[in-house]
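Shown next, in structure tokens, is the structure this report addresses.
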Amino acid sequence: MGRQTEGTPIRPQAGGSMRRRFSVSGLVLAMIGLPILAGLAGTIGPAFGLLPALGGDHLTLDHFTDLATQPHLLRSSLISFATTIVTTGASLAIVMLFTAGYAGTRMFSRIQHLVSPLLAIPHAAAAFGLAFLVAPSGLAMRLVSPGLTGDSSPADWLVPQDPLGLTMMAGLIVKEMPFLFLVTLAALPQVPVLQARQLSVSLGYGRIRGFLISVWPLLYRQIRLPVFAVLAYASSVVDVAMILGPALPAPLAVRITEWMADSDLRMRFLASTGALLQLGLTVAAMVTWLTVEQIGSFLLRRMSLSGVRKPDDRLLRRSACFAMVLSVALFFLGLAVLFLWSIAGLWPFPALLPDNLTPQAWMRALPQAGDVIATTVSLASSSAAIALLLAIGLLWQNGHRNGGALDSVLYLPLIVPQLCFVFGLQILSVSLGFDASFALLLFVHLIFVLPYVVLSLSQPWRAFDRRYETVAAGLGKSPLQVLLHVRLPLLTRACLTAFAVGFAVSAGLYLPTLLIGAGRIVTITTEAVALSSGGDRRAIGVYALLQTLVPFGGFLIASLVPHLLFRDRRAMRI
């Protein structure tokens, strides 16, 4: 009686422990669900004229009329919509083809090790690096001028900020591809890749065609949520759009942000109406993607029934590999250019390298950036630590089952565009008399950090060998003692990695910090994006690198701490 079987998880006992389980789940549901609902209400109300603090005390549709009369509104919306579909589709297609062609190979392992550190690079820093590469006076033009083009002055073209938003799409593809690749890596062990490949090869299929027919439908189910998260993010991204996107007209999310920041408080009504349009645009993009899924499913069925094997797919495989390598190369090359600009003295066009190097830009920026870095680190570490504790509690008390409704609410911040409810939270906090404070901003950051921490920790948690817990329980240890003395020590690296992911997410949050911080609480990300409107590339280089180094420090700690804690236990250091 009471004997634990090998497959039985160690769970909290009934009674008080069960009540604790429901209290933690309820806390998370309330902490995420209520602010999102309140934020949406705070956005919808002013859109229909209800904002008593600014004299809005009756329902009206006049603000929708005002929105419809805004110049180039349709073009802004179409740019945002096209960016969403193109970014998600291209990123997923490249990851799919590369995984299909190289899963299990040495090249796949090499790319995996190169891509993993890229999660630490915030979107804005990656956008700055790409901008410095492709600008008319950027490194790309310096490589080909004047030897190939004969130009001694920068080309007269509008890149970045081209009217079609192609540079912004390229920047988002370069940044979202590593994210989708890493979530694909996490999902691969859950599908029979090796067995399916052996079977498809025996039937004469090429690597890519066999993978798409036998493995991809199962794999896509595992990564569908992250794909929709990419859709939601790309549809309403602000910082990358401000750096790389078109200016006249700007993407819809940027224009809404400008209306929010307008000194005329009545523009809040217009901004709320625009946020509802942004929500509708995101929903339209998701509906379109559902249609794309149905088309893809139909094509896969036709492919499997056609009997065509396509055994020679080397060109397609090499193209996918080239796209992945190019993405990684652009990342690191962009960081190198940022570093060069941060220490550059005189650097006239078309010289490939600066005439001299100087640390003056760093010496000017660091004294001013000290407080900003301290605020960023405090905010990111606090939100990541709280999120990690909540994630451990949820995973421990929910065992190895999916959370059902809890999962649906937990991942809402990844699916609902930030702009659509954070602006409402700002309006509600002002209406209720809440001033911008560190605690309020920490709470809002936690809403976005917690889902990423749970996603990062859930796979190692569920893959944990529960026989260790069975042995500990057989020795009379309580469930809490088993958690503290068995599971958590063995999952130290996974917990630290989840903390580092949460730290990086918090450090890179732009829009929530801008709106909830109200300009009084400044992080390295908001400061770096603010510099994008200026022309000082040296200052931008310094702040963009600082923006990269801060979250990278979290991943470095996650990598080194297990080596220090378990230096005498080799198996626990990997």
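(1) buried (at least 18 other Cβ atoms within 10 Å of the Cβ); (2) over 30 Å from residue 102 (Cβ atoms); (3) not acidic (Asp, Glu): which one isn't true of residue 331, the others all being true?
So residue 331 meets the others, but not (2).
Looking at 91, 76, 109, which one is in a helix (DSSP H, G or I), modelled with pLDDT of 90 or more and out of contact with any Pro (no Cβ under 7 Å at 6 or more places or on another chain)?
The conditions single out 91.
Each row is one residue, and each column tells you yes or no for (1) surrounded by 15 or more Cβ atoms within 10 Å (Cβ to Cβ); (2) under 16 Å from residue 129 (Cα atoms); (3) polar (S, T, N, Q).
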position: 487; (1), (2), (3): yes, no, no
position: 498; (1), (2), (3): yes, no, no
position: 536; (1), (2), (3): no, yes, no
position: 543; (1), (2), (3): yes, yes, no
position: 554; (1), (2), (3): yes, no, no
position: 564; (1), (2), (3): no, no, no
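Conditions (1) buried (at least 24 other Cβ atoms within 10 Å of the Cβ); (2) in contact with a Pro (Cβ under 8 Å, 6 or more places away or on another chain), marked per residue:
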residue	(1), (2)
223	no, no
227	no, no
241	yes, yes
252	yes, no
258	no, no
263	no, no
266	no, no
277	no, no
282	yes, yes
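Can you confirm whether region 452-473 contains a residue that is under 25 Å from residue 275 (Cβ atoms) and modelled with pLDDT of 85 or more?
yes
Within region 197-209, can one find any residue that is closer than 30 Å to residue 84 by Cα, outside the structural domain of residue 458 (by TED's automatic domain parsing) and among the aromatic types (Phe, Trp, Tyr)?
Within region 197-209, not a single residue is closer than 30 Å to residue 84 by Cα, outside the structural domain of residue 458 (by TED's automatic domain parsing) and among the aromatic types (Phe, Trp, Tyr).
Within region 354-387, take every residue that is in a loop (DSSP other than H, G, I, E, B) and over 33 Å from the mean Cα position of the chain (by Cα) and give me the one that is nearest to residue 32 (Cα to Cα).
Once the filter is applied, the top-ranked residue is 358.
I need the full set of residues from region 214-232 which are among the β-branched types (Val, Ile, Thr) and either assigned to a loop (DSSP other than H, G, I, E, B) or within 10 Å of residue 100 (Cα to Cα) (or both), in order please.
Within region 214-232, just 215 meets the criteria.
Any idea how many residues of region 305-348 are touching an Asp or Glu at 6+ places or on another chain (Cβ under 7 Å) and among the polar types (S, T, N, Q)?
Residues flagged as touching an Asp or Glu at 6+ places or on another chain (Cβ under 7 Å) and among the polar types (S, T, N, Q) within region 305-348 amount to 0.
Could you look through region 519-540, keep only residues that are closer than 16 Å to residue 260 by Cβ and out of contact with any Ser or Thr (no Cβ under 8 Å at 6 or more places or on another chain), and pick out the one that is modelled with the lowest pLDDT?
Among them, the one singled out is 519.
The values are calculated or read from the model by the stated rules, or taken from the named source; none is laboratory data. Quick caveat, the model's predicted, so the values are computed rather than measured. No Cβ is skipped: glycine too gets one built from the backbone with ideal geometry, and neighbour counts run over all protein chains shown.
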